[in-house]
Amino acid sequence: MSYAMSAALQQAVYERLTTDPVLTGLVGDAVFDAPPAGPLPELFLTLGAERVRDASDGSGHGAWHDLVVAVVTGTAGFRSAKEVAAAASDALNGADLTLSRGRLVSLRFIKAEARRERRGLRRVEMIFRARVEDD
């Protein structure tokens with residue numbers, strides 16, 4: 001197994017999200033690797049947890065990464081969160097990202113969950129599955 005491409009994959013996903021014109025039109029620069037300390041924007045997107053499984057074979061090292069991308073809002077209802085989630089999904093699903101190490105074989109949407117949280121927040125969590133190989 002190789003976890004060696006995890007940071008490169010995260011960086012490429014973050015760069016795609018922060019440079020997508022539709023997404024930035026909805027949230028501006030409120031795309032975070034981790035939410036900042038202090039007051040948060042009313043609507044933002046953050047990278048979340050990751051699960052990784054071995055996908056190595058006779059040709060080399062590789063891995064399956066299940067990545068969480070979450071949209072969080074304090075506004076009533078889910079509409080704005082779902083609009084941002086749709087833009088993020090469009091930006092990532094099937095994207096051909098360049099990694100600083102290894103290569104991305106595929107990136108696809110797996111599932112999403114929308115839920116209410118404490119303090120009146122709404123959250124949409126999406127899971128994307130990436131297949132990476134180490135060159």
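The values are calculated or read from the model by the stated rules, or taken from the named source; none is laboratory data. Just so we're clear, the structure is a prediction, and the values are computed from it rather than from any experiment. A quick note on method: Cβ atoms are made from the backbone with ideal geometry, for glycine too, and the neighbour counts reach across all protein chains shown.
Here are a few things to note about the model shown:
- The one condition in (1) touching a Leu at 6+ places or on another chain (Cβ under 6 Å); (2) closer than 24 Å to ASP135 by Cβ that ASP33 fails to fulfil: (2)
- Here THR46 meets the list (1) among the polar types (S, T, N, Q); (2) assigned to a helix (DSSP H, G or I); (3) under 30 Å from GLY120 (Cα atoms) almost entirely, failing just condition (2).
- Near pairs, Cβ below 8 angstrom, 6+ apart or cross-chain, from the range 117-132 (more than 30 Å from HIS61 (Cα to Cα)) to any residue that is acidic (Asp, Glu) and not in a strand (DSSP E or B): ARG123/GLU117
- Qualifying positions in the range 104-135 - over 17 Å from the mean Cα position of the chain (by Cα), under 15 Å from SER6 (Cα atoms) and either surrounded by fewer than 18 Cβ atoms within 10 Å (Cβ to Cβ) or hydroxyl-bearing (Ser, Thr, Tyr) (or both): ASP134, ASP135
- Checking ALA55, ALA49 one by one, the residue that is over 18 Å from VAL27 (Cα atoms), in contact with a Phe, Trp or Tyr (Cβ under 7 Å, 6 or more places away or on another chain) and modelled with pLDDT under 95 is ALA55 and no other.
- Beta carbons closer than 8 Å, at least 6 apart along the sequence or on distinct chains, pair a first residue in the range 67-83 that is touching a residue at least 40 places away in the same chain (Cβ under 8 Å) and in a helix (DSSP H, G or I) with a second that is of a type in the set (Gly, Ala, Ser) and surrounded by fewer than 22 Cβ atoms within 10 Å (Cβ to Cβ) for ALA81/ALA114; LYS82/ALA114.
- Residue that is nearest to PHE128 (Cα to Cα), among those in the range 36-46 that are in contact with a Phe, Trp or Tyr (Cβ under 8 Å, 6 or more places away or on another chain) and not aliphatic (A, V, I, L, M): THR46
- Inside the range 8-28, residues that are free of Cβ contacts under 8 Å to residues at least 12 places away in the same chain and in contact with a Ser or Thr (Cβ under 8 Å, 6 or more places away or on another chain) make up a count of 1.
- Residue under evaluation TYR14, criteria (1) in a loop (DSSP other than H, G, I, E, B); (2) farther than 15 Å from GLU133 by Cα, criterion not met: (1)
- Residue list for the range 83-103, filter: touching a strand residue (DSSP E or B) at 6+ places or on another chain (Cβ under 6 Å) and not small (Gly, Ala, Ser): VAL84, LEU92, ASN93, LEU97, ARG103
- Test: residue in the range 106-113 that is under 23 Å from VAL132 (Cα atoms), touching a strand residue (DSSP E or B) at 6+ places or on another chain (Cβ under 6 Å) and modelled with pLDDT under 95: no
- Residues of the range 90-113 classified as touching a residue at least 24 places away in the same chain (Cβ under 8 Å) and more than 16 Å from ILE127 (Cα to Cα), total: 9
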